Amino acid sequence: MEKDKLLIVEDDEDVRKQMKWALNKDYQVLLAEDRSSAMSLVKQESPSVITLDLGLPPYPADTQEGFATLSEIQEHAKAKVIVITGRVEKEHALRAIGLGAYDYFYKPIQIDELKVVLQRAFHIHRLEEEQLNLQKKLQNEDSFEGMLGASPQIQEVFAVIRKVATTDVSILITGESGTGKELVARAMHRLSSRKDEPFVVINCGAIPENLLESELFGHEKGAFTGAHMQKKGRVEAAQGGTLFLDEIGELPMALQVKLLRFLQEQKFERVGGRKQISIDVRVLAATNRDLKQRMEEGRFREDLYHRISVVTIALPPLREREGDILLLANAFLQKFSHELNKKVSGFSQPAVNALLSHSWTGNIRELENSIKRAVIMAEGRKISPADLEISGNHNGNGNLTLKEAREQIERALIIETLALCKDNITKTSKKLGISRPTLYELMDKLGISKK
Ligand SMILES: Nc1ncnc2c1ncn2[C@@H]1O[C@H](COP(=O)(O)OP(=O)(O)OP(=O)(O)O)[C@@H](O)[C@H]1O
Ligand SMILES: [Mg+2]
């Protein structure tokens with residue numbers, strides 16, 4: 001493996017040589033004696049960590065050249081800078097920290113102590129790089145309108161959304177609870193020409209049946225006891241925009257008729273009113289119910305079903321989305337550790353196994369909540385299975401032999417890692433800590449296809 005690059009900026013030749021001699025074994029040591037030689041190495045070699053003597057020529061007795069070098073480094077690089085200064089000049093050290101230096105160190109240099117500081121600096125730098133790479137990755141191809149996912153299953157959904165978002169057809173979004181149905185509806189609105197008009201949600205399952213009609217269509221003054229004033233409904237509020245009928249499977253039969261009429265004619269009357277009101281809205285509907293079964297039971301109208309499901313988008317459950325569990329888990333970890341200001345950098349291997357073998361019946365919502373909780377509970381830098389509180393709720397693992405359970409976890413882990421490494425076998429085997437031939441062997445044995 002290539003050694004990490006360390007740049008030593010020091011005008012005293014003896015000190016420079018001593019430091020190089022002491023650190024050469026652990027790092028690829030680069031040497032500079034002044035600002036210009038330091039800057040050209042920073043640009044050419046991108047060292048991860050830099051030690052910077054504040055007293056540099058042409059003013060070796062002063063700190064102004066050192067500070068100038070510090071700020072120039074920071075304009076060009078994300079390297080961690082450790083400032084080296086005399087013990088009596090503590091205020092310089094603190095000023096350097098205020099200007100963004102990572103740490104300071106007093107002369108004369110105690111190499112053993114410096115080694116510890118350097119190790120930590122390289123470690124932090126590595127973590128920051130990983131975070132940055134992950135963030136970049138998440139911003140690129142694996143996210144679409146705020147929805148994350150690299151699996152073929154979800155990419156296919158993204159492709160359908162791209163195709164239909166700009167049309168005005170009614171779309172039915174199906175999927176288990178927490179799979180992102182509302183997120184999809186909002187994305188479709190944002191991508192449509194109606195994006196500057198309202199997006200109005202009505203949850204058909206959350207409003208009592210006797211209020212639902214007036215909630216949807218509004219009412220005239222005196223339409224029923226308590227109707228003291230005329231009131232517009234959600235349909236009218238959505239004029240020009242998108243109306244999202246959430247949990248449409250819960251809509252009572254009587255209202256299904258009225259809704260169908262409205263969808264066919266784009267006209268309706270307020271409750272207790274005679275006047276026909278014309279409206280232009282795009283309708284999206286969602287359900288986590290099996291509407292076909294509800295039709296068979298006579299609880300959902302077939303004509304309405306056909307009207308709202310010109311196109312159906314079926315969101316896959318999280319457990320079927322190859323590679324997405326870890327992708328989403330890492331994204332949520334990043335988000336919550338930032339929001340909650342906790343320094344948690346990843347998952348322990350057992351925690352990864354727990355994430356991969358959990359059944360996630362609450363899908364992305366459950367994953368999101370579980371990671372949030374884990375970030376709050378975590379005491380170390382890595383999240384443990386206990387922090388996640390999901391063990392014991394496995395994919396019916398109770399009946400498996402040890403061998404079967406092991407294979408199941410191995411299989412899931414390999415599929416996830418392949419997806420994360422974009423099917424690059426070398427990277428995947430490195431990440432998994434096994435050789436390439438072993439990885440090929442395992443893939444063969446576990447029936448994982450090569451791409
Ligand atoms: N692809 C995704 N990337 C990131 N976050 C997601 C994704 N899909 C869903 N979420 C998040 O998961 C949570 C649940 O999503 P949403 O409310 O859209 O699900 P739903 O299918 O409408 O659930 P329910 O049936 O329970 O209403 C939300 O916090 C949402 O932001
Ligand atoms: Mg929802």
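What to note about this one:
- Within the range 8-22, residues that are without any contact (Cβ under 8 Å) to a residue 60 or more places away in the chain reach partners that are crowded, with 16+ Cβ neighbours inside 10 Å and part of a helix (DSSP H, G or I) with beta carbons closer than 9 Å, at six or more positions or on different chains, in the pairs Ile8/Val15; Ile8/Arg16; Ile8/Met19; Ile8/Lys20; Ile8/Leu23.
- Condition met for Gln131 (open to solvent by 80 Å² or more (accessible area, probe 1.4 Å), out of contact with any helix residue (DSSP H, G or I) (no Cβ under 6 Å at 6 or more places or on another chain) and either more than 21 Å from Leu183 (Cβ to Cβ) or aromatic (Phe, Trp, Tyr) (or both)): no
- Scanning the range 202-214 for residues that are open to solvent by less than 40 Å² (accessible area, probe 1.4 Å) and at pLDDT 90 or above turns up Ile202, Cys204, Leu212, Ser214.
- Scanning the range 67-89 for residues that are in contact with a helix residue (DSSP H, G or I) (Cβ under 8 Å, 6 or more places away or on another chain) and free of Cβ contacts under 8 Å to residues at least 40 places away in the same chain gives Phe67, Ala68, Leu70, Glu72, Ile73, His76, Ala77, Val81, Ile82, Val83, Thr85.
- Test: residue in the range 262-276 that is within 16 Å of ligand 1 (Cβ to nearest atom), open to solvent by less than 10 Å² (accessible area, probe 1.4 Å), in contact with a Phe, Trp or Tyr (Cβ under 8 Å, 6 or more places away or on another chain) and under 25 Å from Ala165 (Cα atoms): no
- Yes/no for Glu389 being open to solvent by 50 Å² or more (accessible area, probe 1.4 Å), of a type in the set (Asp, Glu) and modelled with pLDDT under 80: no
- Test result for Ala121, buried (at least 19 other Cβ atoms within 10 Å of the Cβ) and outside the structural domain of Val235 (by TED's automatic domain parsing): yes
- Taking the range 77-93 as the range and being over 36 Å from the mean Cα position of the chain (by Cα) and of a type in the set (A, V, I, L, M) as the test, the residues that pass are Ile84, Val88, Ala93.
- If you go through the range 239-256 and pick out every residue that is in contact with a helix residue (DSSP H, G or I) (Cβ under 9 Å, 6 or more places away or on another chain), open to solvent by 10 Å² or more (accessible area, probe 1.4 Å), away from ligand 1 (no atom under 16 Å from the Cβ) and modelled with pLDDT of 95 or more, you end up with 0.
- Annotation note: of Ala150, Ala159, the sole residue that is of a type in the set (A, V, I, L, M), surrounded by 14 or more Cβ atoms within 10 Å (Cβ to Cβ) and either within 16 Å of ligand 1 (Cβ to nearest atom) or farther than 30 Å from Gly240 by Cα (or both) is Ala150.
- Members of the range 157-201 that are in contact with a helix residue (DSSP H, G or I) (Cβ under 8 Å, 6 or more places away or on another chain), of a type in the set (Lys, Arg) and modelled with pLDDT of 95 or more: none
- Among all residues of the range 192-199, there is none that is open to solvent by less than 50 Å² (accessible area, probe 1.4 Å), within 16 Å of ligand 2 (Cβ to nearest atom), within 24 Å of Thr361 (Cα to Cα) and of a type outside the set (Val, Ile, Thr).
- Segments classed as strands (runs of 3 or more DSSP E), wholly inside the range 1-93, with at least 1 members that are of a type in the set (Asp, Glu) and surrounded by 18 or more Cβ atoms within 10 Å (Cβ to Cβ): 49-53
- Close pairs from the range 167-186: first without any contact (Cβ under 8 Å) to a residue 40 or more places away in the chain and near ligand 2 (Cβ under 9 Å from one of its atoms), partner assigned to a strand (DSSP E or B) and aliphatic (A, V, I, L, M), Cβ under 8 Å, at least 6 apart: Leu183/Met147
The values are calculated or read from the model by the stated rules, or taken from the named source; none is laboratory data. Predicted model only: the values in this text are computed from it and were never measured. Positions of Cβ are generated from backbone atoms using ideal geometry, with glycine treated the same way; all protein chains shown enter the neighbour counts. Remember, those area values only see protein heavy atoms, side chains included, never the ligands or the DNA or RNA. Shrake-Rupley method; radii C 1.70, N 1.55, O 1.52, S 1.80 Å.
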